[in-house]
Structures are given as structure tokens and as C-alpha cells.
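> First the structure, then my questions, so here it is.
The values are calculated or read from the model by the stated rules, or taken from the named source; none is laboratory data. Keep in mind that what you see is a predicted model, and the values were worked out from it rather than measured. Glycine also receives a Cβ, built like all others from the backbone with ideal geometry; neighbour counts cover every protein chain displayed.
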Amino acid sequence: MPDQGTELFSPNQPHTPPGTAARLMRRKPVEALVAQSGHGAGGELRRSLGLWQLTMISIGATLGTGIFVVLGEAVPDAGPAVIVSFVIAGLTALFSALSYAELAGTIPVAGSSYSYAYATMGEFVAWVCGWCLLLEYGVSVAAVAVGWGQYIDELLGGAFGLSLPQALSAPPGEGGLFNVPALAVVLLAMVFLLGGAKESARANTVMVAVKILALLLFCGVAAMGIRAGNYQPFMPLGMAGVSAAGATLFFSYIGFDAASTAGEEARNPQRDLPRAILLSLAVVTALYCLVAAVAVGAEPWRDFEGSEAGLAAILRHVTGQDVWSLLLAFGAVVAIASVVLTVLYGQTRILFAMSRDGLVPGVFSRVDPRSGTPRANTVIVAVFCGTLAAAVPLGRLADATSIGTLFAFGLVNVAVLVLRRTRPTMRRTFRVPASPLVPLTGVALCLWMMFSLDAVTWAVFGVWMAVGAVVYFGYGMRRSRLQTAPSAPPGTPPSDTASTEE
């Protein structure tokens, strides 16, 4: 079946401006996306990442502050059955991860769900998806960077008895003047990214190894304090409590899609991207369940209310010493730095894809020929996110990242269904099993979690979407490459190959 967007690039037809509705729904053929893969203004991205680096990018973006603090929120709801809650949250994430895996292998380009939406549901939906991702990644970087300063302060206090001045460790409105540590960690991540994708992937791999070791260290030490009685009763608040905890824990899995933003820097994207996404989710789920099992075995579940039974506190209770909690705090500092690095990377690649399509200014797709990175893009994004973290009290704005993420996840599940229908014979290196049931379940779960968020989060999301609509209609729609380029892009579009349907 021919792609319904290919006529936009037909050189044999006169180019006539379509109506507004048609312009909103115009799609970019998969072949056009793949043909321009890696190319930006003035250079191209370098394919230097293998399966290991891609998996580490996803783990780096996912395995962050959540596991170090989230148990204090989830255990009071579920009791020792929080282990089951982690499994439920992981399975919920898996539905969307399977859809990401299929599309990442089929459309191996930068831009993640933005590019997938462009190929399947049209330009306006792609813009909305990309705009959601900008909210998710941008505010996430800033919010996580703020947390980095707090852990640095804890580490300095425990090791040296020092503390950062309040004026230089918090933004205005929260008792400070400027959050210097938050800005510092974003600029540090920027330096790594400017060195190139391969170099920043190496740094991320080291940081991921450190935070995994920190969590395994916790498990090894805290296991000495496990008491069988702490697991009884296993499900004190019933299945309702387990489900409520699972909804809370779902957001600890956000970030597994980070590898999909590296589609144009992977050496073998069709093979490695699906594997990296699913492998990272499996590793993170196993670690979460292991840490949860040890934590609730070493500490009575009722003591987890608030922050009294964080991982560091459990180590102090078990050993009676501060050295282990200091090592864990160091692991948390490294974990947060890794999240900042990988999420900032994803943000720049999404803007790269949107800029190459003409929807945002061209400066974001300029590639430095020496490093093979979008340098101006990286600097602009880092300075913006660093300033946001250092000078603006984020408050409830950080909660809006959850709704933007869920919206993008839902669109990816829909994109799988649309592409299966419009391009059934396209070669797919990975296929979502039990389609359409799995993608439809993914959509339903995303909607359920979106509507479980509070009214303030929806209000922030609505304002952000309204601003995005103004930007699109005022700038993006008129400057879109599909609006200005009547002929086919460079490169010969590949033909569909035989279907891999069983």
C-alpha cells in the first residue's frame, strides 16, 4: 500500500499550497525521514553508538533519583507488596516500550516519538508531540539538577561537616538567590555532550556503572538486617494499595525511550535500538524489585512514611555507621548527573529533528563538522535549562512533565497501529506482539494515568499547549519543509521489503 504522504515529494506534480486542514495533516514519508537521517545544516551526525552505549543511555535516563527517594512514598500504600507494585509499574511501561521498540527499529531517526508521529499522524500531531517532549525533557533536566544540589549538600555535610550557603543553593522564592550547583551540573553535562556522542556515552557508561554499584552495595549491606517478620502481612492494604503504589512508581520508569533519540547516531539502529529499549527496561525493573525487596525486609513498612526510611537511613539503622550512607549519597550524586547528561542529550536531538523539518529555527540543526554534534543547539539548551534550574522555583511545574510524557507515550502506541495499517509490508526488525491488543492497552494505560493527575497539572499542561499552538501557527506551519520543498529530498527512497508477519 503506498504511503499517503509521498505525493508531497512527487517531482512530477505541480506544487500547489494545500488548504489549512491538509497542511495540519500532511505527513512525512518514512523514506524521506530515513533518507535525510543524520544530516543537519552544515554537517551530519556521526554513527558511533553500539548496543551497549544505547542501553546505557536508556538506563542512565531512567535510573535516577526515583529509587533513592520513591520508597518513602510508595511503601505506605502497598506495604511489603511494593515489590509487586514495581512489577506492575514495569509491565505498564512495557506496553509503551514495545511500541517504541517497533518504531525505533522501523524509523531509526532522531526525534523519537516526534518523528514517529510525523510519519503516521501528520505535522500538527507531530508538533504537539514534540512540544510535549520539550516540556518533559526541559523541565526534567532543570528539576533533576535542583535535586543534585541537595545531594551535594548532604554529601558535603556527612563527609566534611560543610554545607552550601542557602543563598547559592536555592532559587529565588525558596530562600536563595541562585542555585549554583544546579547550573554547574547542567554545564558539566554540556561539556561532555560537546565532545561528541561517543565521548558523552563513555562518560554516561561510567556513571551508570557507579550508580548500579551503589544500589547493589545497598542491597548487600542492608540484607544483613532483613527480618522475615517485616514481610508480614505482605499486602496489608489490599490490592487497591498495591495499584496506588504502582501508579506512583510508574514515573520512576520514565526515560527508557532515551535511546530512541539516538537513532541517527547508532551504528546499527534497526537491530540495536529495539534491543536497547527492552534490555534497559528489564535491567531497571530487576534493580528496582531487588532494592525494594531488601528495603522492606530490613525496615518495617510502617516506618517508611515520609522520608524517615530512605535508603541512606536504612543503612544507618542496619550498620550503625554513617560511612555506608555517605557512599550511597555519592551514588545518588552520580545518578543525578547521569540523568542530566542523558536527558539533555535527548532534548538536543529532538530539537535537531524539529529544526531540520523547519518547525523551529535552523540554528538547532547545525552540526559541527569536527565533533559531529549540534554545538549551538547543545549550548542554547544547556544555558536555558541551567538558568531555569538555578533561577526559577519550579514548584508544581515539574509535575507537568508526567502528563507530557504520558501523552507522547500514548501517541507512540497509536503510531504503531497507524503504520501497521498504512504500511503493512514495510520491513520491521521488531514487531509488537499481540497487536493491536498491546498498543491499545498501552494507550488505555497512558490515558488512565493522565486522568489520575490533579487539576493543577492539567492547567499547566493546557497553558503549555496553548503557547505551542501559537508558536506553530505563527512560525512552524509557514516554515515547514513540507510547505517549502515541492521536490523529493536527496537520496532514493527505499522500497518496502517483504512483510515479516508470521
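> Filter region 231-261 down to the residues that are part of a helix (DSSP H, G or I) and either of a type in the set (Val, Ile, Thr) or within 14 Å of the chain's Cα centre (by Cα) (or both) and list them by number.
Across region 231-261, the qualifying residues are Val242, Thr248, Phe250, Phe251, Ser252, Phe256, Asp257, Ala258, Ala259, Ser260, Thr261.
> Restricting region 248-271 to residues that are farther than 14 Å from Thr405 by Cα and surrounded by fewer than 24 Cβ atoms within 10 Å (Cβ to Cβ), which is modelled with the lowest pLDDT?
Among residues in region 248-271 that are farther than 14 Å from Thr405 by Cα and surrounded by fewer than 24 Cβ atoms within 10 Å (Cβ to Cβ), the one modelled with the lowest pLDDT is Thr248.
> Moving on. Would you pick out the residues in region 372-415 that are among the β-branched types (Val, Ile, Thr), at pLDDT 85 or above and over 22 Å from Cys129 (Cα atoms)?
Scanning region 372-415 gives Thr373, Val379, Val383, Thr387.
> Let me spell it out: the conditions are (1) surrounded by fewer than 19 Cβ atoms within 10 Å (Cβ to Cβ); (2) at pLDDT 90 or above; (3) among the aliphatic types (A, V, I, L, M); (4) not in a loop (DSSP other than H, G, I, E, B), and Ala434 meets all of them except one. Which number is the exception?
(4)
> Within region 109-136, how many residues turn out to be in contact with a Gly (Cβ under 8 Å, 6 or more places away or on another chain) and not in a helix (DSSP H, G or I)?
4
> Now a separate question. Restricting attention to helices (runs of 4 or more DSSP H) lying wholly within region 1-67, give those where 2 or more residues are surrounded by fewer than 19 Cβ atoms within 10 Å (Cβ to Cβ) and at pLDDT 70 or above.
Filter on region 1-67 gives 20-25, 51-62.
> Checking the structure you have, find out if any residue of region 236-251 is farther than 27 Å from Leu91 by Cβ, free of Cβ contacts under 8 Å to residues at least 12 places away in the same chain, out of contact with any helix residue (DSSP H, G or I) (no Cβ under 7 Å at 6 or more places or on another chain) and not basic (Lys, Arg). I'd like the intermediate steps shown before the answer.
Applying the first criterion (farther than 27 Å from Leu91 by Cβ) to region 236-251 yields none.
No: zero hits.
> So which of Pro393, Pro374 ends up being within 30 Å of Val191 (Cα to Cα) and touching a Pro at 6+ places or on another chain (Cβ under 7 Å)?
Details: Pro374 fails: touching a Pro at 6+ places or on another chain (Cβ under 7 Å).
Pro393 is the lone residue from the list that is within 30 Å of Val191 (Cα to Cα) and touching a Pro at 6+ places or on another chain (Cβ under 7 Å).
> Quick one: would you say Glu199 is surrounded by fewer than 19 Cβ atoms within 10 Å (Cβ to Cβ) and not β-branched (Val, Ile, Thr)?
Spelling it out, Glu199 is indeed surrounded by fewer than 19 Cβ atoms within 10 Å (Cβ to Cβ) and not β-branched (Val, Ile, Thr).
> Only one residue in Thr387, Thr405 is among the hydroxyl-bearing types (Ser, Thr, Tyr), within 25 Å of Val339 (Cβ to Cβ) and surrounded by fewer than 18 Cβ atoms within 10 Å (Cβ to Cβ). Which one?
Answer to the check: Thr387.
> Would you check if there is a residue in region 279-302 being of a type in the set (Asp, Glu), in contact (Cβ under 8 Å) with a residue 24 or more places away in the chain and in a helix (DSSP H, G or I)? Walk me through it before giving the result.
If we filter region 279-302 for residues that are of a type in the set (Asp, Glu), which is where we start, we get 299.
Now restrict to residues that are in contact (Cβ under 8 Å) with a residue 24 or more places away in the chain: 299.
So of that shortlist, the ones also in a helix (DSSP H, G or I) come out as none.
No, there is no match, as no residue in region 279-302 is of a type in the set (Asp, Glu), in contact (Cβ under 8 Å) with a residue 24 or more places away in the chain and in a helix (DSSP H, G or I).
> Further question on the same structure: Given (1) touching a helix residue (DSSP H, G or I) at 6+ places or on another chain (Cβ under 6 Å); (2) outside any helix (DSSP H, G or I); (3) within 27 Å of Val340 (Cα to Cα), identify the lone condition not met by Glu264.
The single condition Glu264 does not satisfy is (1).
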